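The structure under discussion appears below in the form of structure tokens.
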Amino acid sequence: MKKTSDQAKYLSAVMAVVCACAIVVIVTISRGERKEGSNSFEYTALGDSIPNGYTVSEDDGLKSYPKLLAEDIKKEEDTTVNLSRYTKNGITVNGLYEKYLSDTEVQEELKKADLITVTIGANDILNKFRELYQEIFDEDTKVRDIESILKIIQKETAGNPQILAEVAEIIYRWDCEDFERDWKTAMESIRQNRNEDAKVIVTTIYNPVGEMEALGVLNQVIEGMINALNQIIIDESEKYAYQVADLSGIGTGGYLQSDRLHPNQQGQQMIMERIKEQYYRK
């Protein structure tokens, strides 16, 4: 009887140890899962064809700057990075608001995001010059890039001071009110829906035809227009609590694809590096 009693006590002790170990394992796994979840990094990228990774040759494997940045943060901070992209080729500032920022799914993503990047505005300028072309020549143009549109305008106005004067008059009437209104609407939406601890980094617009001296006065016109829009982006940064990654001085215009508008892989890398500077800035 005593032997049986001792065996029962031994078995009870073994069972107690096994149960204790099981509890420790369960708790450890649970903690590990919570740690992994809390240690993940949420990154939301918003914008046009640049962060969308548009490429003239679809099979060239070009990586957009959001993908490059996600990979860099993953390596530097040794963490899981979840990248959500709400980007679309050809989208304007107003289009960004209507298509994405007004969407409840996107708003939920912004609430979770640790980092939000925004690249938008180039298509607002491109549309202006398309309107100019249509108004001057009374026909629509299917040309996608701004360099080609400017070259057409330059060719048509060469030696024709009357048309050149008309172009100058139309450009003179342009203002940035529509862009400024749309910009404030979009940035206010991000501010209202973002996690207050998130970093928001907005890029300025680079001049894709800055290297094209042959465009002469027209190049100066687009440079002035880009500067005006970029000034709005910079001026509103404090009000809407975002940082500005200025692309105007890094030479992106020298690293473009064959369409002379979108950055090639080196251009995307340069944009990523400029945003990264702002991300790690205290």
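Every number in this text was worked out from the coordinates using simple rules, so none of it is lab data. Predicted, not measured: the structure shown is a model, and the values here were computed from it. No Cβ is skipped: glycine too gets one built from the backbone with ideal geometry, and neighbour counts run over all protein chains shown.
Note the full-extension length gain between Ser258 and Phe137 as 0.36 nm times their separation in residues minus their Cα-Cα distance, in nm to one decimal.
Here the answer is 40.9 nm.
When Rg and the Kirkwood Rh are both derived from Cα coordinates, the Rg/Rh ratio for region 40-279 amounts to 0.99. One decimal place: the segment Ile163-Gln265 gains 32.8 nm when fully extended, by the rule 0.36 nm per residue minus the C-alpha distance. Given axes a ≥ b ≥ c from the Cα gyration tensor, I'd like to know whether region 95-136 is rounded (a/c under 1.5), prolate (a/b larger than b/c) or oblate. Taking the square roots of the gyration eigenvalues as a ≥ b ≥ c, region 95-136 is oblate.
A simple spin-label model places pseudo-atoms 7 Å from Cα toward Cβ; at Glu277 and Lys63 they are separated by 2.1 nm.
Spin-label model, Asp175/Glu223: points 7 Å from Cα along the beta carbon direction are separated by 2.6 nm. For a Förster distance of 25 Å, can you work out the FRET efficiency between the beta-carbons of Lys184 and Asp103, rounded to the nearest 0.05? Efficiency at R0 = 25 Å is approximately 0.85.
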